[in-house]
């Protein structure tokens, strides 16, 4: 797999349309019929984009400070469908983990029960399923809680 040369920087309002396009084409948001509140994440300085030649290739929203069980929380991660498999997601995860490791030793995230590709991605990157919340977002769909000890 070729790793693309990307630049990760804070998300700006000018990046929101591209981020929203990624969300519209991606799970879990398609199935859940939900969007991402980029404006709030930008305001709270928790939203970052991966840029390739100035174009948005992906995004991550992370609360790196301890917000749950001595850990940060990865709110959302998305990569443009056309460039999945080229390491953009991995670089965004690495970035979120570095940001979080500066403030706490754990990182948590939730992933929908139907979103098996995302579950595999997180497991491949050292995350363990540690819990389950039934019906959190939609009846009949569970959210799995994943955790990784960063340091």
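Would you confirm, using the coordinates I've provided, whether residue 72 is surrounded by 12 or more Cβ atoms within 10 Å (Cβ to Cβ) and at pLDDT 95 or above? Here the answer is yes, as residue 72 does meet what is asked. Across the range 64-90, the qualifying residues are those that are free of Cβ contacts under 8 Å to residues at least 40 places away in the same chain and part of a helix (DSSP H, G or I), and the one among them that is nearest to residue 110 (Cα to Cα) is 89.
Of all residues in the range 13-23, those satisfying the criterion of being surrounded by 12 or more Cβ atoms within 10 Å (Cβ to Cβ) and either farther than 14 Å from residue 75 by Cβ or out of contact with any strand residue (DSSP E or B) (no Cβ under 7 Å at 6 or more places or on another chain) (or both) are 15, 16, 18, 20, 21, 22. In the condition set (1) under 26 Å from residue 140 (Cα atoms); (2) surrounded by fewer than 13 Cβ atoms within 10 Å (Cβ to Cβ), residue 81 is compliant with all but (1).
Quick grid of which residues meet (1) surrounded by 12 or more Cβ atoms within 10 Å (Cβ to Cβ); (2) farther than 13 Å from residue 68 by Cβ:
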{"position": "109", "(1), (2)": "yes, no"}
{"position": "121", "(1), (2)": "yes, yes"}
{"position": "125", "(1), (2)": "yes, yes"}
{"position": "128", "(1), (2)": "no, yes"}
{"position": "134", "(1), (2)": "no, yes"}
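When residue 21 is tested against (1) within 16 Å of the chain's Cα centre (by Cα); (2) at pLDDT below 95, exactly one condition is not met: (2). If only residues of the range 110-137 that are free of Cβ contacts under 8 Å to residues at least 40 places away in the same chain, touching a strand residue (DSSP E or B) at 6+ places or on another chain (Cβ under 6 Å) and not in a strand (DSSP E or B) are counted, the one that is farthest from residue 78 (Cα to Cα) is 136.
The values are calculated or read from the model by the stated rules, or taken from the named source; none is laboratory data. Note that the structure is a prediction, hence the values are computed from the model and not measured. Note that each Cβ is placed from the backbone with ideal geometry, even for glycine, and that neighbours are counted across all protein chains shown.
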